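Peer 1: The structure that follows is given in the form of structure tokens.
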Amino acid sequence: MNSKGKFITLEGGEGVGKTTNVPFIKDYLLSQNIPVVVTREPGGTQLAEKIRDLLLHSNDEAVTSHAEILLMFAARAQHLNHVIKPALAQGQWVLCDRFTDATYAYQGGGRGMSLEAIQWLENFVQADLRPDLTLLLDVPVVTGMARAKNRAGQLDRFESEQLEFFNRVRQVYLNQAQQYPERIKIIQADQALTVVQQAIVGALKPLLV
């Protein structure tokens, strides 16, 4: 019987470099002979990806903050039961681009939703499941937004928010890191990419023992 896999999440605001570093982390784990499933939130299953589409793209009907957070956790419930938990049970590691820390940051910090309500939903949907390690890529908001705007394509519903929204998002992320220092490791992501990736490997190594 396989030992349980490890659950790693990658967090951060807009333009912090998650897209660049997800494949780097995957390749590093594979180089250590660790089987890894790469996934993302919201999304990760057929139904959850449809919910992602509803959440990220503007439409004629405004999405309320309450609907937004419930859709996030609905997608997460599908994702956990169909992808994350089965992979972990099989001894695979799971690398997820965003997870519940993003809900605290975006819906709690950005939207001003009750952190207590988010915690209740977290416990309801996840029970005692939490990531083994969260890598929080952090850059100043102005830097991240400049990077996001330089990417090809139209900004999504979240990326189109005002600067103050993202300042609140970043602050909650940093608060979470202060509250859970054993799990959440801050990676200063406005450094040279090689330096950032050395820091990522340094944070991953304790899990490999």
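Peer 1: Using θ = phi - 60° and the Karplus form 6.51 cos²θ - 1.76 cosθ + 1.60, what ³J(HN,Hα) does each residue of the stretch 8-17 get, whole Hz, x for Gly and Pro?
Peer 2: Each residue of the stretch 8-17 in turn: 10, 10, 10, 10, x, x, 6, x, 8, x Hz.
Peer 1: Whose amide H sits under 5 Å from the amide H of V37, counting only residues 5 or more places off or on another chain, with H placed in the peptide plane?
Peer 2: Close amide H contacts, sequence-distant or interchain: W93, V94, L95.
Peer 1: In percent, how large is the relative contact order of the stretch 78-209, given Cα pairs closer than 8 Å and 6 or more residues apart?
Peer 2: The value is 31 percent.
Peer 1: Among A75, A148, A117, determine the one that fluctuates most according to a GNM of the chain built with springs between C-alpha atoms less than 10 Å apart.
Peer 2: Greatest mean-square fluctuation among the candidates belongs to A117.
Peer 1: Which one of S65, S31, S114 has the biggest mean-square fluctuation once the chain is modelled by GNM with Cα springs under 10 Å?
Peer 2: The residue that fluctuates most here is S31.
Peer 1: Right, something else. Given the DSSP H assignment, sum -39500 (n - 2.57) over each helix run of at least 4 residues in the chain and divide by its residue total; what's the result at 222 nm in deg cm²/dmol, nearest 500?
Peer 2: -15500 deg cm²/dmol
Peer 1: Under the rule of at least 5 residues apart or a separate chain, name every residue whose amide H is placed under 5 Å from the amide H of I184.
Peer 2: Sorted by chain and number, the residues that satisfy this are T134.
Peer 1: Charges at C-beta only: +1 for Lys and Arg, -1 for Asp and Glu. How large is the resulting dipole of the stretch 7-207 about its Cα centre, in Debye rounded to 20?
Peer 2: 400
Peer 1: What does the C-alpha gyration tensor say about the overall shape of the chain? Classify as rounded when a/c is under 1.5, otherwise prolate if a/b is larger than b/c, or oblate.
Peer 2: Oblate is the answer for the chain, as a/c is 1.5 or above yet b/c matches or exceeds a/b.
Peer 1: Could I ask something else about it? Hey, fewest Cβ within 10 Å first, where do L70, L95, L10 land in order?
Peer 2: Ordered from fewest to most neighbouring Cβ atoms within 10 Å, L70, L95, L10 come out as L70, L95, L10.
Peer 1: Pull out the extension gain between N175 and V201, defined as 0.36 nm times the separation in residues minus the alpha carbon to alpha carbon distance; nm, one decimal.
Peer 2: 7.0 nm
Peer 1: Filter the chain for me: DSSP H helices, axial length by Cα at least 20 angstrom, mean Kyte-Doolittle hydropathy not below 0.5. List them by residue number.
Peer 2: Long hydrophobic helices here: 193-208.
Bear in mind that the values in this text are calculations on the coordinates, not laboratory data. Bear in mind the structure is a predicted one, so any value in this text is a computation, not a measurement. Every residue, glycine among them, receives a Cβ derived from its backbone with ideal geometry; neighbour counts consider all protein chains shown.
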